[in-house]
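The values are calculated or read from the model by the stated rules, or taken from the named source; none is laboratory data. Please read these numbers as outputs of a predicted model, since none were measured by experiment. Cβ: placed from backbone, ideal geometry, glycine included. Neighbour counts: every protein chain shown. Just so you know, the surface numbers come from the protein's heavy atoms only, side chains and all, with ligands and any DNA or RNA stripped out. Shrake-Rupley method; radii C 1.70, N 1.55, O 1.52, S 1.80 Å.
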Amino acid sequence: MKIRGTRECKDCGHQWSYYDTGSVACPNCESLRSVGLDERTEHTAGAGTLDLTPQRTTLGDDDVDVDDIASELKSTLREYLRQRGFIHGGELRPLDDTFLAAHELLQTVDVYARARDPTDDERLYVLSLVRGADQGERPSVDDAPESMRAARGLAYAKAVSAYRRDLVTWLEDHPDANARTTLGALADHVKRAESLQGDVSLQTSERIVQTARDLGEYLVDGDETALVTAQDRLSRLE
(Lines give C-alpha, C1' and ligand atoms only; values in the text may rest on other atoms or scores of the structure.)
Protein backbone atom coordinates (compact mmCIF):
# COMPACT_ATOMS: atom_id res chain seq x y z
CA MET A 1 0.00 0.00 0.00
CA LYS A 2 1.05 3.61 -0.40
CA ILE A 3 1.85 5.39 2.84
CA ARG A 4 3.59 8.50 4.10
CA GLY A 5 6.89 7.26 5.47
CA THR A 6 8.11 10.30 7.38
CA ARG A 7 5.99 10.81 10.50
CA GLU A 8 5.87 13.65 13.04
CA CYS A 9 4.37 13.24 16.49
CA LYS A 10 1.67 15.81 17.28
CA ASP A 11 2.38 15.56 20.99
CA CYS A 12 6.18 15.83 21.25
CA GLY A 13 7.23 16.85 17.73
CA HIS A 14 9.56 13.85 17.26
CA GLN A 15 10.07 12.72 13.65
CA TRP A 16 10.75 9.14 12.56
CA SER A 17 10.47 6.80 9.60
CA TYR A 18 7.52 4.43 9.48
CA TYR A 19 9.57 2.41 6.99
CA ASP A 20 12.05 1.60 9.76
CA THR A 21 9.67 1.03 12.69
CA GLY A 22 6.58 -0.29 10.94
CA SER A 23 4.44 1.62 13.46
CA VAL A 24 2.54 4.91 13.66
CA ALA A 25 3.26 5.04 17.40
CA CYS A 26 5.87 7.65 18.28
CA PRO A 27 9.10 5.88 19.36
CA ASN A 28 9.86 8.82 21.65
CA CYS A 29 6.63 9.16 23.67
CA GLU A 30 4.46 6.30 22.31
CA SER A 31 1.70 8.68 21.24
CA LEU A 32 -0.53 7.48 18.40
CA ARG A 33 -1.16 11.07 17.28
CA SER A 34 1.09 11.65 14.29
CA VAL A 35 0.99 13.12 10.81
CA GLY A 36 2.75 12.13 7.59
CA LEU A 37 5.05 14.77 6.13
CA ASP A 38 5.96 13.36 2.72
CA GLU A 39 4.20 11.99 -0.35
CA ARG A 40 2.55 8.59 -0.21
CA THR A 41 4.94 5.89 -1.40
CA GLU A 42 4.45 2.19 -2.07
CA HIS A 43 5.59 0.14 0.91
CA THR A 44 5.00 -3.56 1.58
CA ALA A 45 8.03 -4.42 3.74
CA GLY A 46 7.59 -4.96 7.46
CA ALA A 47 10.13 -3.95 10.08
CA GLY A 48 10.41 -7.37 11.73
CA THR A 49 13.51 -9.57 11.59
CA LEU A 50 14.00 -13.30 12.04
CA ASP A 51 15.87 -14.44 15.16
CA LEU A 52 16.15 -18.17 15.81
CA THR A 53 18.59 -17.83 18.72
CA PRO A 54 16.07 -19.15 21.31
CA GLN A 55 15.38 -22.24 19.23
CA ARG A 56 19.08 -22.89 18.64
CA THR A 57 19.72 -22.58 22.35
CA THR A 58 16.95 -25.04 23.18
CA LEU A 59 18.20 -27.53 20.63
CA GLY A 60 21.60 -27.39 22.31
CA ASP A 61 20.11 -29.61 24.99
CA ASP A 62 20.77 -33.25 24.11
CA ASP A 63 17.33 -34.22 25.41
CA VAL A 64 15.50 -31.89 22.98
CA ASP A 65 14.74 -32.76 19.36
CA VAL A 66 13.29 -30.68 16.56
CA ASP A 67 9.79 -32.06 16.95
CA ASP A 68 9.78 -30.92 20.59
CA ILE A 69 9.91 -27.27 19.50
CA ALA A 70 8.16 -27.64 16.14
CA SER A 71 5.08 -25.66 17.17
CA GLU A 72 7.11 -22.78 18.62
CA LEU A 73 9.43 -22.73 15.63
CA LYS A 74 6.61 -22.68 13.10
CA SER A 75 4.88 -19.86 14.98
CA THR A 76 8.07 -17.76 14.88
CA LEU A 77 8.54 -18.42 11.17
CA ARG A 78 4.93 -17.66 10.26
CA GLU A 79 5.02 -14.36 12.14
CA TYR A 80 8.21 -13.33 10.34
CA LEU A 81 6.92 -14.35 6.91
CA ARG A 82 3.61 -12.58 7.52
CA GLN A 83 5.42 -9.27 7.98
CA ARG A 84 7.76 -9.56 5.04
CA GLY A 85 7.48 -7.62 1.79
CA PHE A 86 9.86 -6.47 -0.92
CA ILE A 87 9.01 -2.82 -1.59
CA HIS A 88 10.64 -0.58 1.00
CA GLY A 89 9.75 3.08 0.76
CA GLY A 90 9.26 2.87 -2.99
CA GLU A 91 12.41 0.80 -3.60
CA LEU A 92 12.18 -2.76 -4.89
CA ARG A 93 14.33 -5.22 -2.97
CA PRO A 94 15.61 -8.65 -4.06
CA LEU A 95 14.29 -12.06 -3.13
CA ASP A 96 16.71 -12.81 -0.30
CA ASP A 97 18.00 -16.07 1.13
CA THR A 98 16.61 -15.42 4.61
CA PHE A 99 13.08 -15.33 3.20
CA LEU A 100 13.72 -18.50 1.19
CA ALA A 101 15.32 -20.32 4.13
CA ALA A 102 12.48 -19.34 6.47
CA HIS A 103 9.94 -20.76 4.04
CA GLU A 104 12.00 -23.93 3.65
CA LEU A 105 12.44 -24.38 7.40
CA LEU A 106 8.70 -23.98 7.91
CA GLN A 107 7.98 -26.77 5.44
CA THR A 108 10.78 -29.13 6.51
CA VAL A 109 9.97 -28.84 10.22
CA ASP A 110 6.43 -29.92 9.41
CA VAL A 111 7.71 -32.93 7.45
CA TYR A 112 10.14 -33.85 10.21
CA ALA A 113 7.57 -33.53 13.00
CA ARG A 114 5.16 -35.84 11.15
CA ALA A 115 7.78 -38.49 10.34
CA ARG A 116 7.50 -41.67 12.40
CA ASP A 117 11.22 -42.39 12.31
CA PRO A 118 13.18 -39.45 10.85
CA THR A 119 16.65 -40.24 9.58
CA ASP A 120 19.91 -38.66 10.71
CA ASP A 121 20.20 -36.94 7.32
CA GLU A 122 16.76 -35.38 7.74
CA ARG A 123 17.58 -34.19 11.25
CA LEU A 124 20.91 -32.70 10.18
CA TYR A 125 19.22 -30.95 7.28
CA VAL A 126 16.60 -29.31 9.49
CA LEU A 127 19.25 -28.38 12.04
CA SER A 128 21.34 -26.75 9.33
CA LEU A 129 18.35 -24.54 8.50
CA VAL A 130 17.79 -23.68 12.16
CA ARG A 131 21.46 -22.73 12.46
CA GLY A 132 21.57 -20.51 9.41
CA ALA A 133 18.15 -19.41 8.19
CA ASP A 134 18.12 -16.12 10.09
CA GLN A 135 21.61 -15.38 8.73
CA GLY A 136 20.50 -15.90 5.14
CA GLU A 137 22.10 -19.33 4.83
CA ARG A 138 20.28 -22.13 3.06
CA PRO A 139 21.51 -25.63 2.18
CA SER A 140 22.74 -26.34 -1.32
CA VAL A 141 20.80 -28.54 -3.71
CA ASP A 142 23.28 -31.37 -3.15
CA ASP A 143 22.64 -31.36 0.61
CA ALA A 144 18.88 -31.85 0.40
CA PRO A 145 17.69 -35.38 1.28
CA GLU A 146 15.28 -36.86 -1.22
CA SER A 147 12.59 -36.94 1.48
CA MET A 148 12.84 -33.15 1.80
CA ARG A 149 12.72 -32.42 -1.92
CA ALA A 150 8.98 -31.69 -2.08
CA ALA A 151 9.16 -29.56 1.06
CA ARG A 152 11.90 -27.47 -0.52
CA GLY A 153 10.00 -27.24 -3.79
CA LEU A 154 6.79 -26.10 -2.09
CA ALA A 155 8.67 -23.63 0.10
CA TYR A 156 10.34 -21.98 -2.86
CA ALA A 157 7.12 -21.89 -4.85
CA LYS A 158 5.40 -20.09 -1.96
CA ALA A 159 8.33 -17.70 -1.55
CA VAL A 160 8.42 -16.83 -5.25
CA SER A 161 4.64 -16.43 -5.27
CA ALA A 162 4.93 -13.82 -2.50
CA TYR A 163 7.74 -12.05 -4.34
CA ARG A 164 5.77 -12.13 -7.57
CA ARG A 165 2.85 -10.33 -5.90
CA ASP A 166 5.14 -7.45 -5.01
CA LEU A 167 6.58 -7.40 -8.53
CA VAL A 168 3.03 -7.06 -9.86
CA THR A 169 2.47 -4.16 -7.45
CA TRP A 170 5.74 -2.57 -8.57
CA LEU A 171 4.75 -2.84 -12.24
CA GLU A 172 1.58 -0.87 -11.57
CA ASP A 173 3.74 2.23 -11.05
CA HIS A 174 6.60 1.15 -13.35
CA PRO A 175 4.91 -0.43 -16.41
CA ASP A 176 7.01 -2.85 -18.46
CA ALA A 177 5.27 -5.09 -20.97
CA ASN A 178 8.19 -7.54 -21.36
CA ALA A 179 8.56 -7.97 -17.62
CA ARG A 180 4.84 -8.48 -17.14
CA THR A 181 4.75 -11.16 -19.86
CA THR A 182 7.73 -12.96 -18.36
CA LEU A 183 6.22 -12.68 -14.90
CA GLY A 184 3.04 -14.28 -16.20
CA ALA A 185 5.03 -17.22 -17.57
CA LEU A 186 6.81 -17.58 -14.23
CA ALA A 187 3.46 -17.60 -12.44
CA ASP A 188 2.39 -20.64 -14.47
CA HIS A 189 5.40 -22.63 -13.24
CA VAL A 190 4.89 -21.47 -9.66
CA LYS A 191 1.25 -22.53 -9.73
CA ARG A 192 2.23 -25.91 -11.14
CA ALA A 193 4.78 -26.46 -8.36
CA GLU A 194 2.20 -25.47 -5.75
CA SER A 195 -0.44 -27.76 -7.25
CA LEU A 196 2.07 -30.63 -7.06
CA GLN A 197 2.79 -29.75 -3.41
CA GLY A 198 6.39 -29.03 -4.38
CA ASP A 199 6.94 -32.43 -6.01
CA VAL A 200 9.30 -31.10 -8.68
CA SER A 201 13.02 -31.62 -9.16
CA LEU A 202 15.42 -29.67 -6.96
CA GLN A 203 16.86 -28.12 -10.10
CA THR A 204 13.41 -26.90 -11.14
CA SER A 205 12.67 -25.25 -7.79
CA GLU A 206 16.08 -23.56 -7.81
CA ARG A 207 15.56 -22.33 -11.37
CA ILE A 208 12.19 -20.82 -10.38
CA VAL A 209 13.97 -18.87 -7.64
CA GLN A 210 16.72 -17.68 -9.97
CA THR A 211 14.18 -16.58 -12.57
CA ALA A 212 12.37 -14.44 -10.00
CA ARG A 213 15.67 -12.92 -8.95
CA ASP A 214 16.61 -12.16 -12.54
CA LEU A 215 13.30 -10.36 -13.02
CA GLY A 216 13.83 -8.34 -9.87
CA GLU A 217 17.31 -7.37 -11.01
CA TYR A 218 15.97 -6.29 -14.38
CA LEU A 219 13.25 -4.14 -12.83
CA VAL A 220 15.68 -2.45 -10.43
CA ASP A 221 18.68 -1.95 -12.72
CA GLY A 222 17.10 -2.07 -16.18
CA ASP A 223 19.65 -4.72 -17.13
CA GLU A 224 18.33 -6.30 -20.34
CA THR A 225 20.70 -9.23 -19.86
CA ALA A 226 18.90 -10.16 -16.65
CA LEU A 227 15.56 -10.22 -18.47
CA VAL A 228 16.97 -12.41 -21.26
CA THR A 229 18.46 -14.74 -18.64
CA ALA A 230 15.08 -15.00 -16.89
CA GLN A 231 13.37 -15.85 -20.17
CA ASP A 232 16.03 -18.45 -20.96
CA ARG A 233 15.60 -20.08 -17.54
CA LEU A 234 11.85 -20.24 -18.10
CA SER A 235 12.33 -21.95 -21.47
CA ARG A 236 14.35 -24.68 -19.73
CA LEU A 237 11.92 -25.33 -16.89
CA GLU A 238 10.23 -28.72 -16.86
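In the elastic network of the chain, a GNM with C-alpha springs shorter than 10 Å, the most mobile of 87, 208, 69 is 69.
Centre-to-centre, using Cα atoms only, the stretch 20-34 and the stretch 121-198 are separated by 34 Å. Over all orientations, the stretch 140-219 has a Cα convex hull whose mean projected area works out to 4.9 square nanometres. Against the criterion of solvent-accessible heavy-atom surface with a 1.4 angstrom probe, 158, 10, 74 sort, most first, into 10, 158, 74.
Per residue, the solvent-accessible area of the stretch 1-139 (1.4 Å probe, heavy atoms of protein chains only, all protein chains present) comes to 54 Å². Think of the stretch 31-134 as having a plus end and a minus end, set by charges on the Cβ of Lys, Arg, Asp and Glu; of 83, 95, 32, 32 sits farthest toward the positive end of this dipole. Pairwise Cα distances in the chain exceed 22 Å in 58 percent of cases. The portion of the accessible surface of the chain made up by carbon and sulfur, rounded to a whole percent, is 43 (1.4 Å probe; DNA, RNA and ligands excluded). Of 224, 194, 217, the residue with the largest accessible area leads and the full order is 224, 217, 194 (1.4 Å probe). Here the sum of -39500 (n - 2.57) over DSSP H runs of 4 or more residues, divided by the residues of the chain, equals -18000 deg cm²/dmol at 222 nm, to the nearest 500. In sequence order, the stretch 101-107 has phi-based couplings of 5, 5, 4, 5, 4, 4, 6 Hz under the Karplus curve 6.51 cos²θ - 1.76 cosθ + 1.60, θ = phi - 60°, and Gly or Pro positions carry x.
Spin-label model, residue 91/residue 65: points 7 Å from Cα along the beta carbon direction are separated by 4.6 nm. With R₀ fixed at 35 Å, the C-beta to C-beta distance from residue 171 to residue 127 puts the FRET efficiency at about 0.35. A Förster distance of 22 Å, applied to the separation of the beta-carbon atoms of residue 12 and residue 40, puts the FRET efficiency at 0.40. Distance between the 7 Å Cα→Cβ label points at residue 137 and residue 116: 3.5 nm. Around the Cα centre of the chain, unit charges on the Cβ atoms of Lys, Arg, Asp and Glu (plus for the first two, minus for the last two) sum to a dipole of about 920 debye.
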